[in-house]
Amino acid sequence: MNASSLAESGHVIPSVHNPHEHQRRGTTVLESAKGVFLRDANGNTLLDAFSGLWCVNVGYGQDSIVKVATEQLARLPYATNYFGFGSEPSIRLAERLIELAPKSLQRVYFGLGGSDAVDSALRFITHYYNAIGLPGKKHIIALERGYHGSSSTGSGLTALTSFHRNFDVPLKTQHHIPSPYPYRNAHAGDDAAIIAGSVSALEAAVQALGRDQVAAFICEPVQGSGGVIVPPKGWLKAMRDACTRLGILFVADEVITAFGRTGPLFACEHEGVEPDIMIVAKGLTAGYAPMSAVMLSERIYQGMADGCAPGAVIGHGQTYSAHPVSAAIGLEVLRLYTEGGLLANGKARAPEFAAGLDDLLAHPLVGDSRHIGMLGALELVTDKATKAKFDPELKLHERLFKAAYDNKIVFRAFNDDILGFAPALSYTESEMALLFERLRKTLDQVLGQAEVR
Ligand code: PMP
């Protein structure tokens, strides 16, 4: 197949797409990548300011990862972890994760990606409460603007209408309370009031449903796909503590935020939060192979174990759970973050990243800049005083995406005028400067369009 027939081929169903638009636009075929640059089949070299899909935290083409993956493929490309088998890389990776993760977490179930990990967590929660004799506890509370994947159950916790429409979710047991969303919160500017608002919304939801009916609260420490919403300092800890008081589990979905994305290895570390369950994926293998992990407290695992009669099994598993090649990659990726200096490099770049975003607050299109570590967003508005959004008919996100491509930079243009950024932790100072040079050019070009002005 030549380049244009690849681009026009319609057999792959893309993730989250408009079928008509996709048919018209075709596919931008990515061919190769090195460092933080992607090369497409049209011969463009694009600066990746989004780490693929907030996952390639270590940059592309890390030779040491290729080496361990190749060696593992040659040594043992697959090992089941059914009927008592396992592999050295997956056992060592679990050990390492438990060593590094908040102390509350003691057991690891490996999955393939964030969505199936969320589903595994939900199955474990159901199993746990049934096993310990609290079968009424079935309701799960999540946040508006939250994202928890697109599995048949987890998609109901995701709070994006396109993930619900025609999919028959949310389920009756799935609920959403308002996102803290500092920029558009009624208490904007008053962090304590924003935090108190979230806590009382959770308390009210639990009270309305009944404590004995609610299993868990799940949230991202920083909401990603909902528009990179950084809650006020102290919010996560307040929600954790509220869950303890209310007798429900606290589940941290760190699929985006883990592995240095917000600074420390896990975002929970900012506030010393110890979740009952933590879900990670993306940065775990930095996108070099599919893998996720659900980390559980000993209490949850033991609850399930105690409820398992001799001769019975906990019927949850996947052919590729604890895949040895992914696990070997995960171990090397963890080494790159820690001994390899990438966490430190991400922390060194973060102030430049923050300053670059904040400088753009002076741009006529930009209403809000928010960031934590190497995760950030700009929110575009037509009027900074009223925070008015653009007319959806303008399709601002498409204009931005196109202008960005022309300027050879890739970031996430959400369809509600929010631009998301997640540069790799391996960015150099000059690459960070290039990001803002190209981003500013892109914003200026879009501002220059007659329909937008
Ligand atoms: N949870 C969160 C917080 C996510 O950001 C994502 C993916 N963006 C998922 C779950 C689902 O992960 P995946 O796309 O790997 O299934």
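FYI, it's all coordinate maths here, none of it is from the lab. The model shown is predicted, which means the values in this text are computed figures rather than measured ones. When we count neighbours, we look across all protein chains shown, and the Cβ atoms used for this are built from the backbone with ideal geometry, even at glycine.
Taking amide H atoms as placed 1.01 Å from N in the peptide plane, the amide H of A33 lies under 5 Å from those of R39, each 5 or more residues away in sequence or on another chain.
Which three semi-axes in whole Å describe the equivalent ellipsoid of the chain, each the square root of 5 times a Cα gyration tensor eigenvalue, listed largest first? Let's see the in-between values first.
On the way: eigenvalues 237, 160, 87 Å².
Taking √(5λ) for each eigenvalue gives 34, 28, 21 Å, largest first.
Across segment 230-245, computed HN-Hα scalar couplings (Karplus, 6.51 cos²θ - 1.76 cosθ + 1.60, θ = phi - 60°) run 8, x, x, 4, x, 5, 4, 5, 5, 6, 4, 5, 5, 4, 4, 4 Hz from first to last residue, x flagging Gly and Pro. Estimated translational diffusion coefficient (Stokes-Einstein, Kirkwood radius over Cα pairs, 10 °C, 1.306 mPa s) of segment 1-106: 89 µm² per second. Only lysines eight or more places from K387 in sequence, or on another chain, were considered; those with a Cα closer than 19 Å are K395. Can you find, among H316, H270, T70, the residue sitting farthest towards the positive end of the charge dipole of the chain, where Lys and Arg contribute +1 and Asp and Glu -1 at Cβ? Comparing the listed Cα positions along the dipole, H316 ranks first. Sorted ascending by nearby beta carbons within 10 Å, beginning with the fewest, T338, T244, T161 become T161, T244, T338. DSSP finds beta bridges in segment 76-337, and of those with both partners inside it, around 45 percent are antiparallel. For the chain, relative contact order (Cα pairs under 8 Å, six or more residues apart, normalised by length) works out to 20 percent. For K67, the lysines whose Cα falls under 16 Å of its own Cα, not counting residues fewer than eight places away in the same chain, are K34.
By the rule of a C-alpha distance below 18 Å, with chain neighbours fewer than 8 residues away ignored, the aspartates and glutamates paired with K103 are E95, D241, D253, E254, E269, E271, E274, D276, E298. Karplus-based coupling profile of segment 181-190, in residue order and whole Hz: 5, x, 5, 10, 7, 4, 9, 3, x, 10, with θ = phi - 60° in 6.51 cos²θ - 1.76 cosθ + 1.60 and x standing for Gly or Pro. Of the residues W54, W235, the one with the fewest other Cβ atoms within 10 Å heads the list, and the complete ranking is W235, W54.
What are the semi-axes of the equivalent ellipsoid for segment 76-337, taken as the square roots of 5 times the Cα gyration tensor eigenvalues, largest first, in whole Å?
Semi-axes (√(5λ), whole Å): 29, 22, 17.
Using C-alpha pairs under 8 Å with a sequence gap of at least 6, the mean separation divided by the residue count of segment 297-412 gives a relative contact order of 11 percent. Taken as Cα centroids, segment 231-246 and segment 346-373 sit 26 Å apart, rounded to the nearest whole angstrom. Mean separation of Cα pairs under 8 Å and 6 or more residues apart, divided by the residue count, gives segment 76-337 a relative contact order of 29 percent. Couplings 3J(HN,Hα) of segment 160-172, computed from phi: 10, 4, 5, 8, 9, 4, 6, 10, 6, 10, x, 6, 5 Hz, in residue order, whole Hz [Karplus 6.51 cos²θ - 1.76 cosθ + 1.60, θ = phi - 60°; x for Gly and Pro]. Neighbours of Q213, meaning other residues whose beta-carbon lies under 13 angstrom from its beta-carbon, give a summed charge of +3 when Lys and Arg score +1 and Asp and Glu score -1.
For D406, D276, D116, what's the fewest-to-most ordering of other Cβ within 10 Å of each Cβ?
Fewest to most other Cβ atoms nearby, the residues stand as D406, D116, D276.
In the chain, helices alone account for a calculated mean residue ellipticity at 222 nm of -11500 deg cm²/dmol, with every DSSP H run of four or more residues adding -39,500 (n - 2.57). Our note on the geometry: Cα centres of segment 84-160 and segment 36-72, 28 Å apart.
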